[in-house]
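For reference, the structure is listed below as structure tokens.
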Amino acid sequence: MATTAVALSERENYLNKEYGITSWLFTTDHKRIALLYLITITFFFFIGGFFALLIRLELLTPEGDLLLADTYNKMFTMHGQVMVFFFLIPAVPAVLGNFLIPIMIGAKDLAFPRVNLLSWYLLAIGGCLMIYTILSGGVDTGWTFYTPLSTHFLDTHVITAALAIFVAGFSSILTGLNFIVTIHRMRAPGMTWSRLPLFVWANYATSIIQVLGTPVLAISLMLVALERIFNLGIFNPQLGGDPLLFQHLFWFYSHPAVYIMILPGMGVVSEIVTCFSRKRIFGYKFMALAVIAIAVLGFLVWAHHMFVAGISLYAAMVFSLLSYFVAVPSAIKVFNWTATMFKGSISYSTPMLYAFGFIGLFTMGGLTGLFVAALGIDVHVTDTYFVIAHFHYIMVGGMVMAYLGGMHFWWPKISGRMYPEFWGRLAAMIIFIGFNLTFFPQFVLGWLGMPRRYWQYSPEFQVLNVLSTAGATILAVGYLLPMLYFLWSMRYGKAAPENPWNGAGLEWKISSPPVTDNFDETPLVTWEAYNYDELPQEVPVGR
Amino acid sequence: MFSNTFPLWPARASSISGPVDALFIFLLMLCGLMCIAIFTAIIVFAVRYRRRPGHEAIPIEGSNAVEFTWTLIPAGVFIIIFVWGAYLYFQERTPPKDSMDVYTVAKQWMWKFQHTEGQREINELHIPIGRDVRVIMTSQDVIHSFYVPAFRIKQDVLPGRYTIAWFRATAAGTYHLFCAEYCGTNHSGMVGDVVVMEPAQYQSWLSGGQAMGSLAQTGQGVFDSLGCSTCHRMDTQGRGPNLMGVYGKPVLLEDGRTVIADENYIRESILNPAVKVVAGFKPIMPTFQGIVSEDQVNALVAYIKSLNPQPVGPAETPTFKGPAASKADTRQR
């Protein structure tokens, strides 16, 4: 990577400033740390994807024939754990956020550069523990660790898996803390709160959840480990404990975690939609307020995962109502993105194709959320493939689309190279088609009543499962393509100009790739965010 | 569309499945319209305002009126959906009076049912059409979930307490019973059949089984063999409370609270007697945890529920239709 950068740019930049492995492993440059994260989470994305592929292959036939039941259970468990904790949660904040937040607010680095490096090491240590768990035989608790199954009935590597997530959780907490302090304290002169790009607002809201929510996850996992080792009885009814207590603790974090995974993606989409529509975002204040509202309300809806778990009738009603409240700001966001395109000048560049995909798939994920929040319907569809489809539309259809859109949008800045536009568009469309073919049939399966986490199933579900597996293979091709052409572009891609899209943010006013200190002198911000009316209409590259 | 090999709609076989489907169809139409509206807008904008020579974006800041409109209208629609969903849920969670009870013990990886008449079944549940059925469930190990898609009902089954599902079957047939909460290795094998029969057929099925006495009679046997009757005498002289007619009644506790003596309270009082001691009694009862099996707890509960001070003899013909039982029914979650 470093060598190509030298050939590319006469000027010293963050990639060619230093060489050698130690210059990366001991770096405190937020941009280099972002790349360390990028490598780490890409690795885990493909591990988690491999598990998903095995799951889909097993489900090609109703009989359990490809894998053993225990192996299958480990596959969906570790697919969930790897994807949630080692890919989705760090994806946009730790890679794009790390790279862009200081630049977008006109700072040289995050507030605590060494803590930032520590965060990566924590994720890496957690990741090593996860890999140890996988290699030493795996874990089959389900990613949710429900008690008393996880505490008293399994002899797999529950504690190392819990420890892996526990450690990775601290990475998330420290990143959130770093972002909050940075955004409060290190904005350039003139960069007021109302001029912040929505990407920064989204990561700010995310950071609040990370800091306030993740400790509860750490506590829950710690209690599972202590219960296993010392048989404390906190979750064991025979000793007067309550297995539902675990579910409350777990979802108190893990529902807000859904917003950790989606909010930064919303931020990415706001940047892309404005740039490729050449428009200021429609309703900036409402967009900024909406992410904060989602972050706050997101803490009040956790028990909607437990409508059939044995909570009281009236508690369920309160949590259902609150779940509808959190749907309101999500709806506002979709409407505003759509309105931003109104009377714009829209180019179909690769990042914009991903943004289209995000809005469409997130809308479907959000609207099916109205089904599962409706108590009477949820009783039927919870713990079925309907829920699987619903959250994959948000997490994969939403977040992964946004992440890839962001990677394409900022790749010229990150690498100093252009990716091949044709392949970019092709991959975006393959992913969109593959995704829908994989997950849309699962809505039908769930409504028919196929429970989740089933290794073998009733034959009448087969046709839909075959469709889903076919979609998954297409999706796999779609995900491999960007990795291949991004790697290719590092050597063979055209040199990226400073501002290939005529973007409005501060990141487009510095060289590609940036110098280590980002800015030669501290910028003075005198313009509003997304001032596309003052910028050229052209999108120079990628058309 | 409704063929067996490629169904798109689940069988509809309970009194609640129609109303649930109605809300589902309403949501499908509503959300379908929303999708069409948003997707159409995006496609129209993307085509109409595509970048081309001579076309320029027109700056628009936003509009508070528009924002409030698309905040308040969805919020109003959401509240309608909430109320509708909550109304269904209230019905799903509130068993009607005079239900027929089936006791269920879930374990890795099996469903065990016992009818009050005494019949036992494994992974099969026979029930009559048109009758309200309460399934009183507990788990011997981990959390399971009782799920009958054709009835549109699902209820987690927890260790250490009872949870209750109820339904009224409306169409004869054999329907899937699934465990819907991941419970370990053979989770996907923890499936069975719910067989809905015409009432006459059901009666003959009941009488065809091996007669071992009713569940309450079994419970009486357990009650006597464990020596419960030494303290729980049928007069006021016992060291423990008289259990006659206690089921469904409010009970004043030593700490001043009042609880309803429902299935969960009776169960807790057998397994964890010191937690809720009846006012006027000493906490001298030993725990029976580990001494009685889940099946025996069910039998004891059924027996205590059958202790009815009305003219009908208590143990011989257990009745589940008494006013006391009905009162407790409405209080079940």
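The values are calculated or read from the model by the stated rules, or taken from the named source; none is laboratory data. Predicted, not measured: the structure shown is a model, and the values here were computed from it. Backbone-built Cβ (ideal geometry, glycine too); neighbour counts: all protein chains shown. All accessible areas refer to the heavy atoms of the entire protein, side chains included, with ligands and DNA or RNA removed. Shrake-Rupley method; radii C 1.70, N 1.55, O 1.52, S 1.80 Å.
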For a quick check of your reading of the model, give me the residue pairs whose first member lies in the stretch A:486-515 and is without any contact (Cβ under 8 Å) to a residue 24 or more places away in the chain, whose second is open to solvent by 30 Å² or more (accessible area, probe 1.4 Å) and acidic (Asp, Glu), with beta-carbon atoms closer than 9 Å and at least 6 apart or on different chains. A:Lys509/A:Glu498
Scanning the stretch A:258-279 residue by residue, the ones that are of a type in the set (Phe, Trp, Tyr) and more than 13 Å from chain B (Cβ to nearest Cβ) total 1
Might you check whether a residue that is open to solvent by less than 10 Å² (accessible area, probe 1.4 Å) and more than 9 Å from every other protein chain (Cβ to nearest Cβ) occurs anywhere in the stretch A:341-348? no
For the stretch A:526-541, state whether one or more residues are in a loop (DSSP other than H, G, I, E, B), under 18 Å from A:Ala427 (Cβ atoms) and open to solvent by 10 Å² or more (accessible area, probe 1.4 Å). yes
Show me the strands (runs of 3 or more DSSP E) entirely contained within the stretch B:164-259 in which 1 or more residues are under 22 Å from the mean Cα position of the chain (by Cα) and of a type in the set (Ser, Thr, Tyr). B:173-179
Within the stretch B:236-281, track down each residue that is open to solvent by 20 Å² or more (accessible area, probe 1.4 Å), basic (Lys, Arg) and out of contact with any Asp or Glu (no Cβ under 9 Å at 6 or more places or on another chain). B:Arg239, B:Lys249, B:Arg257
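The rows are residues; the columns are (1) in a helix (DSSP H, G or I); (2) over 17 Å from the mean Cα position of the chain (by Cα); (3) within 14 Å of chain B (Cβ to nearest Cβ).
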residue: A:Leu361; (1), (2), (3): yes, no, yes
residue: A:Gly366; (1), (2), (3): yes, no, yes
residue: A:Phe386; (1), (2), (3): yes, yes, yes
residue: A:Phe391; (1), (2), (3): yes, no, no
residue: A:Val396; (1), (2), (3): yes, no, no
Pairs only if they're at least six apart or on different chains, beta carbon under 9 angstrom, first in the stretch B:54-72 and open to solvent by less than 70 Å² (accessible area, probe 1.4 Å), second of a type in the set (Val, Ile, Thr) and outside any helix (DSSP H, G or I); list them, first residue then second. B:Ala57/A:Ile346; B:Gly62/A:Ile281
From the residues in the stretch A:443-453 that are more than 26 Å from the chain's Cα centre (by Cα) and buried (at least 23 other Cβ atoms within 10 Å of the Cβ), which one is nearest to A:Phe50 (Cα to Cα)? A:Met450
Output the residues belonging to the stretch A:273-292 that are within 19 Å of the chain's Cα centre (by Cα) and open to solvent by 10 Å² or more (accessible area, probe 1.4 Å). A:Ile292
Consider only pairs whose beta carbons are under 6 Å apart and that are at least six residues apart or on different chains; among these, list those whose first residue lies in the stretch B:18-32 and is more than 7 Å from chain A (Cβ to nearest Cβ) and whose second residue is part of a helix (DSSP H, G or I). B:Pro19/B:Leu88
Among the residues of the stretch B:60-75, is any closer than 26 Å to A:Val372 by Cβ, hydroxyl-bearing (Ser, Thr, Tyr), more than 7 Å from chain A (Cβ to nearest Cβ) and part of a helix (DSSP H, G or I)? no
With the checklist (1) assigned to a helix (DSSP H, G or I); (2) under 25 Å from A:Phe371 (Cα atoms) in hand, flag the one item A:Tyr457 doesn't pass. (1)
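Determine if the stretch B:16-35 includes at least one residue that is polar (S, T, N, Q) and farther than 20 Å from B:Phe178 by Cβ.
The answer is no, given that none of the residues of the stretch B:16-35 is polar (S, T, N, Q) and farther than 20 Å from B:Phe178 by Cβ.
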Could you run through the stretch B:166-183 and say how many residues are crowded, with 24+ Cβ neighbours inside 10 Å and more than 9 Å from every other protein chain (Cβ to nearest Cβ)? 3
Which members of the stretch B:81-111 meet the condition of being out of contact with any Lys or Arg (no Cβ under 7 Å at 6 or more places or on another chain), more than 14 Å from chain A (Cβ to nearest Cβ) and open to solvent by 20 Å² or more (accessible area, probe 1.4 Å)? B:Pro96, B:Lys97, B:Met110
Only one of (1) modelled with pLDDT of 95 or more; (2) closer than 30 Å to A:Ala205 by Cβ is not met by A:Met75, so which one is it? (2)
Complete set of residues in the stretch B:282-305 that are of a type in the set (A, V, I, L, M) and open to solvent by 30 Å² or more (accessible area, probe 1.4 Å): B:Ile284, B:Met285, B:Ile291
Report whether or not B:His187 is within 14 Å of chain A (Cβ to nearest Cβ) and in contact with a Pro (Cβ under 9 Å, 6 or more places away or on another chain). yes
Counting residues that are buried (at least 16 other Cβ atoms within 10 Å of the Cβ) and among the charged types (D, E, K, R), which helices (runs of 4 or more DSSP H) fully inside the stretch A:11-88 reach at least 2? A:30-58, A:69-83
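Would you check if B:Ala315 is at pLDDT 85 or above and open to solvent by less than 40 Å² (accessible area, probe 1.4 Å)?
Numbers: at pLDDT 85 or above: no; open to solvent by less than 40 Å² (accessible area, probe 1.4 Å): yes.
The answer is no for B:Ala315.
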Scan the stretch A:448-469 residue by residue and report those that are within 16 Å of B:Pro10 (Cα to Cα) and facing chain B (nearest Cβ under 7 Å). A:Leu448, A:Gly449, A:Pro451, A:Tyr457, A:Ser458, A:Glu460, A:Val463
Given the conditions (1) under 26 Å from the mean Cα position of the chain (by Cα); (2) of a type outside the set (S, T, N, Q); (3) part of a helix (DSSP H, G or I); (4) closer than 19 Å to B:His115 by Cβ, which single one is not true for B:Ile270? (4)
Working only within the stretch A:476-511, note down all residues that are within 19 Å of A:Leu353 (Cα to Cα), open to solvent by 10 Å² or more (accessible area, probe 1.4 Å) and over 24 Å from the mean Cα position of the chain (by Cα). A:Asn502
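If you take the residues of the stretch B:76-118 that are of a type in the set (Asp, Glu) and not in a loop (DSSP other than H, G, I, E, B), which of them is nearest to B:Arg134 (Cα to Cα)? First the steps, then the outcome.
First pass over the stretch B:76-118, keeping only residues of a type in the set (Asp, Glu): B:92, B:98, B:101, B:117.
From what is left, the residues that are not in a loop (DSSP other than H, G, I, E, B) are B:92, B:101.
Working: B:Glu92: 11, B:Asp101: 5 Å.
The extreme case among them is B:Asp101.
Listed here are the residues, each with its yes/no results for (1) in contact (Cβ under 8 Å) with a residue 40 or more places away in the chain; (2) under 20 Å from the mean Cα position of the chain (by Cα).
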position: A:Phe230; (1), (2): no, no
position: A:Phe235; (1), (2): yes, no
position: A:Gln247; (1), (2): yes, no
position: A:Glu271; (1), (2): yes, yes
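Among the candidates A:Phe276, A:Phe250, which residue alone is in contact with a strand residue (DSSP E or B) (Cβ under 7 Å, 6 or more places away or on another chain) and among the aromatic types (Phe, Trp, Tyr)? It would help to see each step written out before you state the result.
On the way: A:Phe250 fails: in contact with a strand residue (DSSP E or B) (Cβ under 7 Å, 6 or more places away or on another chain).
After ruling out the rest, the residue left standing is A:Phe276.
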Residue hits (the stretch B:20-47; surrounded by 17 or more Cβ atoms within 10 Å (Cβ to Cβ) and under 16 Å from B:Ile81 (Cβ atoms)) are B:Val20, B:Asp21, B:Leu23, B:Phe24, B:Leu27, B:Cys31, B:Met34
Before we move on, is A:Thr338 closer than 23 Å to B:Pro59 by Cα, surrounded by fewer than 24 Cβ atoms within 10 Å (Cβ to Cβ) and polar (S, T, N, Q)? yes
